Amino acid sequence: MRATDNRYTGERNRFELAMRMIRNEARTGTTRYWTGLSDDRIRKLYTSYFKYVDDAPVKRHRGKSPTQIGPLVRSPARSLESGAFVNLLLANGLFSIEDPPGPRLKGNVNLGHRFCQCFETHRLVVQKPTLSFEWGWNLLQSIRGGDELRLAHCDICSIAYVYDQLQLPRGDCPACLTLRALPPKKAPPRRAAVG
């Protein structure tokens, strides 16, 4: 290995993270935040590698990332899905409950890959996921901020869910609410005795 090879390792890692984020349909600003690459460079990567793909081109979302928290906790299902994603973020060291908000994220390529891994895992384990990459990014920022969203664990069912701490009174566990809303199961019909 030549001595100059190490010089390009950081650049290659940022390039790989940008490609991964574009594949997950991250906005240019989000990709810039994690990688430090310029907007022009990110757009050129998209155009060169993703725009003209024949089988399934990657969508490019324009504008600013979402910042509202309401859609993340709007319904019990959304609150539970957000909770599943936040648990992945917590397990991967993207934020800390004991020492908020956690490690520095801007320009941290290693944590950027971890965030992508959390998102990709979430898409695999959650049935019919609704959380996009950008809404996941919004969720991480909101949880790290600690002003509006919090992670809670239900004492009854042990499910983790996200709730809006400014909402009074705080609602019940969304998993328990969902179970109570389900109609009771009917008993199977009894067979007549043969005899």
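Going through the stretch 135-151 one residue at a time, which ones are part of a strand (DSSP E or B) and either among the aromatic types (Phe, Trp, Tyr) or in contact (Cβ under 8 Å) with a residue 60 or more places away in the chain (or both)?
Filtering the stretch 135-151 for residues part of a strand (DSSP E or B) gives 149-151.
Across the stretch 135-151, the qualifying residues are Leu149, Leu151.
From the list Gln127, Gln117, exactly one residue is in a loop (DSSP other than H, G, I, E, B) and polar (S, T, N, Q). Which is it?
Gln127
Kindly evaluate Ala160 against the criterion of being surrounded by fewer than 17 Cβ atoms within 10 Å (Cβ to Cβ) and either at pLDDT 90 or above or small (Gly, Ala, Ser) (or both).
For Ala160, the condition - surrounded by fewer than 17 Cβ atoms within 10 Å (Cβ to Cβ) and either at pLDDT 90 or above or small (Gly, Ala, Ser) (or both) - is not met.
Mind checking which residues of the stretch 67-107 are in contact with a strand residue (DSSP E or B) (Cβ under 6 Å, 6 or more places away or on another chain) and part of a loop (DSSP other than H, G, I, E, B)?
Correct list: Ile69, Val73.
Of all residues in the stretch 1-19 being at pLDDT 70 or above and loosely packed, with under 10 Cβ neighbours inside 10 Å, which is nearest to Tyr46 (Cα to Cα)? Before you say what the answer is, go through the steps one by one.
Kept after step one, since they are at pLDDT 70 or above, are these residues of the stretch 1-19: 6-19.
Checking which are loosely packed, with under 10 Cβ neighbours inside 10 Å leaves us with 6-7, 9.
Details: Asn6: 26, Arg7: 25, Thr9: 21 Å.
My answer is Thr9.
Can you go through Ser75, Ser79, Ser48 and tell me which one is at pLDDT below 90, of a type in the set (Gly, Ala, Ser) and crowded, with 18+ Cβ neighbours inside 10 Å?
Answer to the check: Ser79.
The values are calculated or read from the model by the stated rules, or taken from the named source; none is laboratory data. All values reported here derive from a predicted model rather than from experimental measurement. Neighbour counts run over all protein chains shown; Cβ positions are idealised from the backbone, glycine included.
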